[in-house]
Amino acid sequence: MDSMAEINAPLTESEDLCLSSNHPGLHDAEYVRRRKMFFYFARDLRLRKLPSPCVPYTEEESNLWSALYDRLSTLHDSHAAGIFLTGKKLLGLSRSEIPQLPTLERLLYPRTGIRLVPAEGLLHGKSYFSYWAERIMPCTLFLRHARQPEYTPEPDIIHDVIGHVPPLMDSKYVELIRLIGTIARTASPENLERLVRFYWFTVEFGLLDEGDRQKVLGAGILSSIGEMQHACDGKAEIRRFDLEEVLNTPFDPTTLQPVLFVAPSLEAIIADAHGLAARMLPV
Ligand SMILES: [Fe+2]
């Protein structure tokens, strides 16, 4: 994603589902059929600005959710940032059922003004961030393929709801994503590239100092067993968060992240986001 071509993708998204050549479900006709159903269902709701109804999930999907929820929760208990653990508890996420977006929104909206919109898959650049400016989080509804539960080449409900939604119960965190979204809407291509790096090394792959420990804030880590183990077992290079360095550090979304940045606090990240707004927003 960290290329000018993809970051500055057009505002109109693909009208048809296109699975990558390495997608684990590519040759599973039933998976592709259901993935297409989720694609057109969510895309139609999103474009018509309709809320998500409750989705009936299959037994196989529910079992996959439970298995991954258990494995991730064990890692969260030791390594997740407090803001994430608090939000996860307040939202009542559990292994027993895949959360429904209306249920989550009933808890999110009164607390932080966040609304959830169904997403058909990965939304690019300004199309994705423009929702954040309005305190809206796009969330996919489908699950990854069960054959390879630790890997998904596209964000699914495990990534979006387990990774992104819990900290949205915190109003300071919501201010961070609102700021990123607001800057993105009018950013030049060059500024958008730098802003995406800031988002990547905070919202997706950020770490926070908590007492004498480094804890995980980023949704890309919190929703991935492989990234959690990689980040927390000393395999990734961990650097102190420095705004200019972050803005100039490219990333590859297709591999385990070799470099992560640890910020002194969420407040410090928000202060940097305000600094970016002062530099990048039109006067
Ligand atoms: Fe994400």
Subject >> Of residues in the range 207-247 being within 12 Å of the ligand (Cβ to nearest atom) and assigned to a loop (DSSP other than H, G, I, E, B), the one surrounded by the most Cβ atoms within 10 Å (Cβ to Cβ) >> reply: Gly218
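Conditions tested, residue by residue: (1) among the aromatic types (Phe, Trp, Tyr); (2) within 14 Å of the ligand (Cβ to nearest atom); (3) surrounded by 19 or more Cβ atoms within 10 Å (Cβ to Cβ).
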residue: Leu107; (1), (2), (3): no, no, no
residue: Arg115; (1), (2), (3): no, no, no
residue: Arg135; (1), (2), (3): no, no, no
residue: Ala146; (1), (2), (3): no, no, no
residue: Leu168; (1), (2), (3): no, yes, yes
residue: Gly181; (1), (2), (3): no, yes, yes
residue: Ala187; (1), (2), (3): no, no, yes
Subject >> Subset of the range 132-159 [of a type in the set (Asp, Glu) and touching a His at 6+ places or on another chain (Cβ under 8 Å)] >> reply: Glu154
**OP:** Check Phe201 against each of (1) out of contact with any Ser or Thr (no Cβ under 9 Å at 6 or more places or on another chain); (2) buried (at least 21 other Cβ atoms within 10 Å of the Cβ) and name the one condition it does not meet.
**Re:** (1)
Subject >> Those residues of the range 23-46 which are surrounded by 13 or more Cβ atoms within 10 Å (Cβ to Cβ) and within 18 Å of Met137 (Cα to Cα), in sequence order >> reply: Phe38, Phe39, Phe41, Ala42, Arg43, Leu45, Arg46
Subject >> Candidates Tyr131, Tyr151, filtered to the one that is within 30 Å of Glu61 (Cα to Cα) and modelled with pLDDT under 95 >> reply: Tyr151
**OP:** Would you please list the contacts, defined by Cβ atoms under 9 Å and residues six or more apart or on different chains, that run from a residue in the range 153-164 that is under 15 Å from Leu75 (Cα atoms) and β-branched (Val, Ile, Thr) to a residue that is assigned to a helix (DSSP H, G or I) and within 11 Å of the ligand (Cβ to nearest atom)?
**Re:** Ile162/Ala219; Ile162/Leu222
Original post:
Do the conditions hold for Thr74, that is, is it of a type in the set (Val, Ile, Thr), touching an Asp or Glu at 6+ places or on another chain (Cβ under 8 Å) and either within 19 Å of Gly218 (Cβ to Cβ) or surrounded by 18 or more Cβ atoms within 10 Å (Cβ to Cβ) (or both)?
Top reply: no
Original post:
Listed residues Val161, Val203; which is closer than 28 Å to Arg71 by Cβ and touching a Pro at 6+ places or on another chain (Cβ under 6 Å)?
Top reply: Val161
Subject >> Pick from the range 1-45, criterion outside any helix (DSSP H, G or I) and among the hydrophobic types (A, V, I, L, M, F, W, C), ranking: modelled with the lowest pLDDT >> reply: Met1
Original post:
Does the range 246-278 hold any residues that are without any contact (Cβ under 8 Å) to a residue 12 or more places away in the chain and either more than 30 Å from His23 (Cα to Cα) or charged (D, E, K, R) (or both), and which are they?
Top reply: Ala271, Ala278
**OP:** Would you mention how many residues in the range 148-165 are in contact with a helix residue (DSSP H, G or I) (Cβ under 9 Å, 6 or more places away or on another chain) and within 13 Å of the ligand (Cβ to nearest atom)?
**Re:** 11
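The values are calculated or read from the model by the stated rules, or taken from the named source; none is laboratory data. What you see is a predicted model, and the numbers here were worked out from it, not measured in a lab. Cβ sites come from the backbone with ideal geometry, for glycine too, and all protein chains shown count toward neighbours.
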